[in-house]
Amino acid sequence: MPTVHPPFKRYCKTLQLKNDPDLIREYKKIHENGGIWPEVGKSMKQVGILDMELYLHGHTLFMIMDTVPEFDHDRDLARLGQLPRQAEWEAFAGRFQQSDPSSSAKEKWQLMERIFEMDQTTDYPAIEGQLKP
């Protein structure tokens, strides 16, 4: 029997890490099971992020972020940035990334446009997230 999930929004993003094998190994380590700070995960859930996955190829990161349907990307990420330890985490993780360390998560992580989905019936702007039934 197939698993039934409630509706959610999906956002896909990309970011470049510094092309340094030692830094990449360390970046992977800080994201291992239980590696992110508890306050960071709790705050993500508090603003409506249901799940997040990171994938790595070379020094390119790809993120899948699933949220509640009413999630507003700009509003809720701004709210996330104000919660406990978020700015500290961004600064900590920023040393691995090819971006200005003072940049916000929104500036570092670039939204990706979906160009194909099997059985696709509608298009959507990346900033709005893709509603998944």
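Has the stretch 28-45 got any residue that is closer than 20 Å to Pro7 by Cα, under 16 Å from the mean Cα position of the chain (by Cα) and surrounded by 14 or more Cβ atoms within 10 Å (Cβ to Cβ)?
Quick first cut of the stretch 28-45, residues closer than 20 Å to Pro7 by Cα only: 44-45.
With the extra rule that they be under 16 Å from the mean Cα position of the chain (by Cα), the set shrinks to 44-45.
From the residues that got through so far, the ones that are surrounded by 14 or more Cβ atoms within 10 Å (Cβ to Cβ) too are 44.
Yes, the stretch 28-45 has at least one match.
Answer yes or no as to whether Asn33 is assigned to a loop (DSSP other than H, G, I, E, B) and modelled with pLDDT of 95 or more.
Details: assigned to a loop (DSSP other than H, G, I, E, B): yes; modelled with pLDDT of 95 or more: no.
Against the criterion (assigned to a loop (DSSP other than H, G, I, E, B) and modelled with pLDDT of 95 or more), Asn33 does not qualify.
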Residues within the stretch 60-97 that are under 15 Å from Lys28 (Cβ atoms) and in contact with an Asp or Glu (Cβ under 8 Å, 6 or more places away or on another chain), tallied: 2
Of all residues in the stretch 82-97 being open to solvent by less than 50 Å² (accessible area, probe 1.4 Å) and not in a helix (DSSP H, G or I), the one that is nearest to Glu113 (Cα to Cα): Gln97
Residues located in the stretch 1-21, provided they are without any contact (Cβ under 8 Å) to a residue 12 or more places away in the chain and open to solvent by 100 Å² or more (accessible area, probe 1.4 Å): Met1, Pro2, Thr3, Val4
Output for the stretch 105-133, where each listed residue is at pLDDT below 90 and either touching a Leu at 6+ places or on another chain (Cβ under 8 Å) or in a helix (DSSP H, G or I) (or both): Ala105, Lys106, Glu107, Lys108, Tyr124, Ala126, Ile127, Glu128
Members of the stretch 54-81 that are open to solvent by 60 Å² or more (accessible area, probe 1.4 Å) and more than 27 Å from Pro7 (Cβ to Cβ): Leu56, His57
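The values are calculated or read from the model by the stated rules, or taken from the named source; none is laboratory data. What you are looking at is a predicted structure, and each value in this text was computed from that prediction instead of being measured. A quick note on method: Cβ atoms are made from the backbone with ideal geometry, for glycine too, and the neighbour counts reach across all protein chains shown. When the accessible area is computed, the model is the full protein with side chains, heavy atoms only, and any ligands, DNA or RNA have been set aside. Shrake-Rupley method; radii C 1.70, N 1.55, O 1.52, S 1.80 Å.
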